[in-house]
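The values are calculated or read from the model by the stated rules, or taken from the named source; none is laboratory data. Please read all numbers here as calculations on a predicted model, not as lab measurements. FYI the Cβ positions are ideal-geometry reconstructions off the backbone, even for glycines, and counts take in every protein chain you see. Keep in mind that these areas ignore ligands, DNA and RNA; they rest on the heavy atoms of the full protein, side chains included. Shrake-Rupley method; radii C 1.70, N 1.55, O 1.52, S 1.80 Å.
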Amino acid sequence: MSKILSLKENMQVARRAMEICNACRYCESLCPVFPEITRFRTFSDHDLNYFANLCHNCKGCFHGCQYAPPHEFDLNIPKTLAEIRVESYSQYAYPKAFGKLFFKNGTLVSIIIAISLALVFIAGSLLNNADSFFSAYSGIGSFYHVIPIKLMSGISMLVCAYVAVAFFMGFKQFWLESGEKMSDLANVALWKSALSDMLSLRHLGGGDEGHGCTHMDDRYSQTRKWFHHATFYGFAMTIISTTIAAVYHYGFGWHAPYDMASLPVIFGTIGGIMIVIGTIGLSVIKVKMDPVPVAQQFLGMEYSFIALLFLVSFSGLALLFFREGIYMPLLLCIHLGFVLAFFLVLPYSKFVHALYRFGALLKYAKYKEH
Amino acid sequence: MYDVIVIGGGNAALCAAISAAEEGASVLVLESSPKLWRGGNSQHTRNMRVAHAAPTRCLTECYSVEEFYEDLLKVTKGETNEELAKIAIGQSEEMYHWLEERGMFFQKSISGTLSLSRTNAFFYGGGKTLVNCEFQKAKDLGITILYNHEVEWLNIQNERVESLVVNTPTGKKEFKAKAIIAASGGFESNREWLREAWGEHAKNFLIRGTRFNEGKVLKSMLNQNVQAVGKPEQGHAVAVDGRAPLYDGGIVTRLDCVPFGIVVNKNGKRFYNEGEDFWPKRYAIWGRLVASQPDQVGNVIIDSKSFNLFMPSVFEPCKAETLEELAELLDIPKDEFVETIHSYNAHVEEGTFNPDTLDNCCTKGLEVNKTHWARKIDTPPFYGYTLRPGITFTYLGVKIDKDARVYMDNGNPTKNLFATGEIVAGNILGQGYLAGTGMTIGAVFGRIAGKGAAHV
Ligand SMILES: Cc1cc2nc3c(=O)[nH]c(=O)nc-3n(C[C@H](O)[C@H](O)[C@H](O)COP(=O)(O)OP(=O)(O)OC[C@H]3O[C@@H](n4cnc5c(N)ncnc54)[C@H](O)[C@@H]3O)c2cc1C
Ligand code: SF4
Ligand code: SF4
């Protein structure tokens with residue numbers, strides 16, 4: 001395996017790479033990074049952080065580069081940018097001290113899962129006796145026999161607020177450091193452009209050309225885009241499901257579990273299945289892909305995030321399936337444990353790529369016309 | 001036994017292999033490079049020239065077959081085989097669609113190349129991406145590809161290739177096929193041969209493309225009375241940054257600053273009009289010009305006024321606050337160097353500088369005048385780039401007919417030997433070069449050769 005470079009060395013490698021690309025420009029249609037490079041003659045660390053987050057890690061510029069190893073220029077842009085990207089996540093992390101967590105993500109996720117599961121189980125067992133923990137409940141409010149609704153929603157609100165603050169602070173730092181002003185964000189056109197790029201995964205789909213991207217090797221296809229779509233929209237559907245459920249609960253006083261034919265269950269089920277499919281697909285790509293243009297040391301972060309997302313969805317589906325039986329309390333605790341863990345690690349997980357990539361797309365929208 | 005063996009793994013070879021396979025032939029590709037170095041010179045290209053009657057997604061306006069042909073006549077000064085040239089040009093648009101239909105993509109002209117957006121279709125991601133997609137297509141068609149297989153000798157008897165002698169990782173082996181397509185490029189990476197053909201000074205030349213085009217297939221054919229086209233001493237050479245790697249420097253080693261400065265040799269003397277014409281029209285003569293200077297070195301000198309006028313270069317220039325210091329960095333005798341600059345500055349006639357037109361800034365009264373973009377070199381910091389000749393490709397090749405069939409010296413067609421790509425470019429490019437025609441010739445005659453070979 002190749003040597004792991006320090007951040008400073010990586011910045012130097014990236015700067016050199018950008019200079020070579022700027023003299024070459026063959027990759028100009030591959031993604032927004034290359035047309036953006038041409039605006040510059042020199043590259044600051046902040047510029048490189050921006051490029052790193054603008055990169056959607058398709059590896060097309062590695063497979064198609066005549067200066068990739070074994071060439072002595074040794075260009076490996078996807079890998080170099082991936083390393084800088086993770087470093088940038090850690091620099092933007094809020095609170096700052098937690099930035100280090102990005103480098104031990106596998107361990108972090110396992111520990112948080114363990115703690116979350118334990119907490120939910122302790123809560124579950126304190127609030128129930130041994131008999132009732134393995135009993136079949138049914139009917140309205142059965143979940144709250146296991147974990148009371150007040151506790152459930154209280155904790156989730158706290159966690160959500162924390163996540164929101166962490167995201168906002170991180171985003172703000174990214175945006176200001178990249179040389180933009182917060183007031184630029186009032187420009188609706190930027191949001192429109194970035195949102196449309198994000199919701200359509202335009203660049204993973206091959207941009208204007210529309211023939212997809214490379215991912216496992218040098219073949220272009222839409223596979224990664226579709227699995228990402230499944231994960232993204234599956235996740236969106238589970239959020240919608242939860243939101244509807246909250247409205248039902250607080251707005252109408254209708255309490256869970258809901259009917260199989262109810263909106264929360266339909267959205268939750270379809271979303272859950274989509275995430276399961278999407279995360280399995282994305283993992284298979286990661287396992288099979290050419291390892292050379294990949295920042296191996298950070299794969300743990302990617303796998304642990306995908307795995308957590310999978311576990312949340314899979315346990316949710318299992319809960320739905322077995323909710324009438326005696327395993328419901330057990331499954332509920334497991335599911336809630338995973339959900340809690342998921343949100344706790346969210347600001348220090350691969351999830352933040354959505355945040356900073358979106359920020360980079362906003363910035364790109366500002367300059368792309370020129 | 002395979003129906004068709006294709007020698008080489010660049011654009012020409014792969015178009016031929018794909019075309020033969022689509023005609024139903026079983027195809028084997030023998031490529032001398034390892035997989036990671038595959039793609040020959042084709043991996044360094046960026047576009048192909050395409051005639052088109054109306055704008056396409058990636059090409060602007062219209063570029064008629066007639067205009068393409070006229071452009072070709074201009075650069076070759078009429079030295080072209082009209083029949084073959086018209087086939088290449090006439091089928092160029094069809095070839096563009098042929099490639100697209102098979103999963104090779106094009107993009108709009110890349111920044112800094114606007115002048116080519118009408119005539120040249122740019123490969124999406126450049127030549128290496130093109131070649132990768134061609135290899136993927138070949139794989140889908142069931143074509144076998146053997147890397148590290150260098151064809152050393154074609155066994156030609158009675159105008160038929162009976163077998164190929166191939167250097168493989170496990171020793172020499174013989175391969176047979178009903179038909180053979182030679183698409184193994186020129187001999188530009190063969191230093192020995194270059195020295196023979198171009199003289200001693202070829203030892204200081206840099207090779208802009210692959211290290212694997214050693215011309216062994218070409219030599220083997222010429223040694224067995226296959227009819228040649230072009231002369232060994234003909235080739236395309238440009239001036240590149242002197243610090244470029246010995247091989248595979250490709251596009252990024254070019255230096256576009258010559259028209260904005262002056263060029264001195266290692267003795268500090270100017271030797272040619274740097275502002276004769278726009279750089280894209282002149283860059284190809286500077287290879288020869290630098291090649292004829294002592295030690296085959298030139299040095300472009302500019303001052304800070306001109307630093308942002310050209311495409312950025314990959315190598316840092318030598319930079320100094322005084323001319324003396326710069327001379328030292330560039331290893332040029334100080335006095336001569338300073339004297340050259342001073343005398344140049346003294347003869348500059350002030351005009352209105354405009355890099356986009358043939359402006360009126362020039363020198364008068366020098367032995368070698370600069371006729372455009374001449375401005376005094378007087379604003380530090382001063383910058384210097386070293387120039388060396390960089391060979392793009394050689395022209396010596398084999399004669400083919402409209403079916404891409406190879407001929408013998410006695411005028412007879414060979415029975416089962418076809419050729420395409422750089423190895424036949426000399427049929428159409430008797431001299432000079434028109435950007436993007438190399439890939440067009442390889443693709444068009446590749447498709448033709450594949451079809452022909454499949455039905456031998
Ligand atoms: C830097 C650079 C930029 C260029 N840009 C352009 C451009 O933009 N547009 C354009 O039209 N042209 C361009 N050219 C010219 C262009 O590269 C050639 O015209 C074209 O690539 C020829 O294609 P080919 O398939 O014949 O040769 P190549 O692509 O060179 O392929 C020849 C292959 O044969 C293999 N080979 C050689 N000897 C043997 C052997 N004995 N046995 C087995 N295999 C062998 C080699 O390894 C190689 O893979 C450029 C050239 C260079 C160097
Ligand atoms: S990645 Fe390679 S091919 Fe692409 S622009 Fe950069 S140097 Fe050129
Ligand atoms: S890996 Fe893909 S997205 Fe990233 S810079 Fe390269 S081409 Fe662009």
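Worth pointing out:
Quick grid of which residues meet (1) buried (at least 21 other Cβ atoms within 10 Å of the Cβ); (2) more than 14 Å from every other protein chain (Cβ to nearest Cβ); (3) at pLDDT 95 or above; (4) away from ligand 2 (no atom under 16 Å from the Cβ):
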position: B:Thr129; (1), (2), (3), (4): yes, no, yes, no
position: B:His149; (1), (2), (3), (4): yes, yes, yes, yes
position: B:Glu152; (1), (2), (3), (4): no, yes, yes, yes
position: B:Glu159; (1), (2), (3), (4): no, yes, yes, yes
position: B:Ala183; (1), (2), (3), (4): yes, yes, yes, yes
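- The lone exception for A:Ala23 - which of (1) at the interface with another protein chain (Cβ under 9 Å from one of its Cβ atoms); (2) away from ligand 1 (no atom under 16 Å from the Cβ); (3) in contact with a Ser or Thr (Cβ under 8 Å, 6 or more places away or on another chain) it fails: (2)
- Out of B:Thr440, B:Thr386, B:Thr414, sole residue that is of a type in the set (Ser, Thr, Tyr) and either open to solvent by 20 Å² or more (accessible area, probe 1.4 Å) or assigned to a loop (DSSP other than H, G, I, E, B) (or both): B:Thr386
- Among (1) free of Cβ contacts under 8 Å to residues at least 40 places away in the same chain; (2) open to solvent by less than 30 Å² (accessible area, probe 1.4 Å); (3) assigned to a helix (DSSP H, G or I) - the single one A:Asp197 does not satisfy: (1)
- Annotation: A:Ala68 fulfils all but one of (1) modelled with pLDDT of 95 or more; (2) open to solvent by less than 50 Å² (accessible area, probe 1.4 Å); (3) more than 14 Å from chain B (Cβ to nearest Cβ); the unmet one is (3).
- The set of residues from region A:25-46 being within 16 Å of ligand 3 (Cβ to nearest atom) and free of Cβ contacts under 8 Å to residues at least 12 places away in the same chain comprises just one member, A:Glu28.
- Test: residue in region A:41-59 that is modelled with pLDDT under 95 and at the interface with another protein chain (Cβ under 10 Å from one of its Cβ atoms): yes
- Scanning region B:353-375 for residues that are open to solvent by 20 Å² or more (accessible area, probe 1.4 Å) and under 18 Å from B:His342 (Cβ atoms) yields B:Cys362, B:Lys364, B:Gly365, B:Leu366, B:Glu367, B:Val368, B:Asn369, B:Arg375.
- Every residue from region B:248-277 that is within 16 Å of ligand 2 (Cβ to nearest atom) and not polar (S, T, N, Q): B:Asp248, B:Gly249, B:Gly250, B:Ile251, B:Val252, B:Arg254
- Within region A:30-65, the set of residues being basic (Lys, Arg) and crowded, with 19+ Cβ neighbours inside 10 Å comprises A:Lys59 only.
- Cβ-Cβ distances below 6 Å connect the following pairs, each with a first residue in region A:246-265 that is more than 19 Å from A:Gly234 (Cα to Cα), a second residue that is assigned to a loop (DSSP other than H, G, I, E, B) and open to solvent by less than 40 Å² (accessible area, probe 1.4 Å), and a separation of six or more residues or different chains: A:His255/A:Gly141; A:Pro257/A:Arg323.
- Taking the conditions (1) under 24 Å from B:Ala449 (Cα atoms); (2) over 20 Å from the mean Cα position of the chain (by Cα); (3) open to solvent by 50 Å² or more (accessible area, probe 1.4 Å); (4) within 14 Å of another protein chain (Cβ to nearest Cβ) in turn, B:Lys86 satisfies each one other than (4).
- Residue within region A:213-236 that is of a type outside the set (Gly, Ala, Ser), part of a helix (DSSP H, G or I), over 28 Å from B:Phe105 (Cβ atoms) and more than 15 Å from ligand 3 (Cβ to nearest atom) present: yes
- Of the strands (runs of 3 or more DSSP E) that lie entirely inside region B:256-337, those containing 1 or more residues that are surrounded by 21 or more Cβ atoms within 10 Å (Cβ to Cβ) span B:262-264, B:298-303.
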